Amino acid sequence: MAVKRRPLVAGNWKMHGLRSRSSALVADLAKELERLGATGGPVDVVVCPPYTALCDVGRELQRTRGIDLGAQNLHWEDKGAFTGEISGPMLVEVGCRYVIVGHSERRQFFGETDESVSRRLGAALRHGLQPILCVGETWEEREGGRTEEVLTTQLRGALAGADGGPAGLSVAYEPVWAIGTGRAAQGRDAQAAAVLIRTLLAEKFGPKEAAGVRILYGGSVKPDNIGEFATQFDVDGALVGGASLDPGAFAEIVRQVMG
Ligand code: PGA
């Protein structure tokens, strides 16, 4: 029997949004979702503001319905001498339910490796946070015919941190060349990557567990291309960067994923 997966649309605000703007942004998003009849629909909606805005956005979300709070990263230790880092318990304390792990910008600019990503993933799962694990190839890797190899290495490496099972895990396929470039992948590329990801998940957790893991596409997702991804069998939603800073556009993406 086919497993029904509830779609997920997550907004990654990256390093955007002073506190006052963040509260206004999420309030506007709630209004837009309401206007489009997408509030409380059969889709999980998550916003991931910068750490400094988590409390304000969390407070705003208590007044609304149907939007969850997520963070953009976490450290693997619960506490300690790790200047500049934030731990799982700290995120849970401010109301986070989700956390992005292994985003390509972390790998590219902050030295994240498959090993550190696996430790962060393990910490998220240990604290009951739902990780959105990002994997994806660069343009050079794609041109060199190495997409499969790269995704396999990244995913196997990260999943070393998930020995307890994949409860709450989502995997976002985010080709690096598609992020912030306006040049999204094609629906069939996302589906092919999702099939590979699900095969690798099955290798680790067995087919039944793997069938329940949500796989997202990310990279220049906009209202005018989300339909192409949302209709792919193995793609269960999107991780949205730039367009998540526009409440109207993000709500429209959610509406289309809802179907
Ligand atoms: P983008 O970013 O939608 O702006 O391409 C996606 C991401 O980095 O998650």
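Checking A251 against (1) buried (at least 18 other Cβ atoms within 10 Å of the Cβ); (2) part of a loop (DSSP other than H, G, I, E, B); (3) away from the ligand (no atom under 14 Å from the Cβ); (4) not β-branched (V, I, T): exactly one of these is not met. Which one?
Here A251 clears every test but (2).
Here is a check on your reading of the model: is I67 at pLDDT 95 or above, open to solvent by less than 50 Å² (accessible area, probe 1.4 Å) and under 13 Å from the mean Cα position of the chain (by Cα)?
No: the conditions fail for I67.
Consider R35 carefully, then state whether it is among the basic types (K, R), more than 19 Å from the chain's Cα centre (by Cα) and more than 16 Å from the ligand (Cβ to nearest atom).
yes
Is it the case, given these coordinates, that F229 is aromatic (F, W, Y), in a loop (DSSP other than H, G, I, E, B) and either under 18 Å from the mean Cα position of the chain (by Cα) or under 30 Å from E32 (Cα atoms) (or both)?
Spelling it out, it is not the case that F229 is aromatic (F, W, Y), in a loop (DSSP other than H, G, I, E, B) and either under 18 Å from the mean Cα position of the chain (by Cα) or under 30 Å from E32 (Cα atoms) (or both).
Is it the case that region 86-102 has a residue that's open to solvent by 50 Å² or more (accessible area, probe 1.4 Å), within 28 Å of R126 (Cβ to Cβ) and within 16 Å of the chain's Cα centre (by Cα)?
The answer is yes; a qualifying residue exists.
Of the numbered conditions (1) touching a strand residue (DSSP E or B) at 6+ places or on another chain (Cβ under 9 Å); (2) of a type in the set (A, V, I, L, M, F, W, C); (3) in contact (Cβ under 8 Å) with a residue 60 or more places away in the chain; (4) more than 15 Å from the ligand (Cβ to nearest atom), L201 satisfies every one except a single condition; which is it?
(3)
Restricting attention to region 237-248, which residues are open to solvent by 10 Å² or more (accessible area, probe 1.4 Å), under 19 Å from V135 (Cα atoms) and either in contact with a Phe, Trp or Tyr (Cβ under 9 Å, 6 or more places away or on another chain) or without any contact (Cβ under 8 Å) to a residue 40 or more places away in the chain (or both)?
G241 - this is the single residue of region 237-248 that is open to solvent by 10 Å² or more (accessible area, probe 1.4 Å), under 19 Å from V135 (Cα atoms) and either in contact with a Phe, Trp or Tyr (Cβ under 9 Å, 6 or more places away or on another chain) or without any contact (Cβ under 8 Å) to a residue 40 or more places away in the chain (or both).
Return yes when A172 is assigned to a loop (DSSP other than H, G, I, E, B) and of a type in the set (G, A, S) and no when it is not.
no
Based on this model, can you work out whether T152 counts as without any contact (Cβ under 8 Å) to a residue 60 or more places away in the chain, among the β-branched types (V, I, T) and open to solvent by 30 Å² or more (accessible area, probe 1.4 Å)?
no
Inspect region 171-191 for any residue being within 18 Å of the chain's Cα centre (by Cα), within 16 Å of the ligand (Cβ to nearest atom) and among the basic types (K, R) and give the result as yes or no.
No, region 171-191 has no match at all.
The values are calculated or read from the model by the stated rules, or taken from the named source; none is laboratory data. Please read these numbers as outputs of a predicted model, since none were measured by experiment. Quick reminder, even Gly has a Cβ in these numbers, built from the backbone with ideal geometry, and neighbours come from all protein chains shown. Ligands, DNA and RNA are stripped out before the accessible areas are found, and what is left, the full protein with its side chains, is counted by its heavy atoms. Shrake-Rupley method; radii C 1.70, N 1.55, O 1.52, S 1.80 Å.
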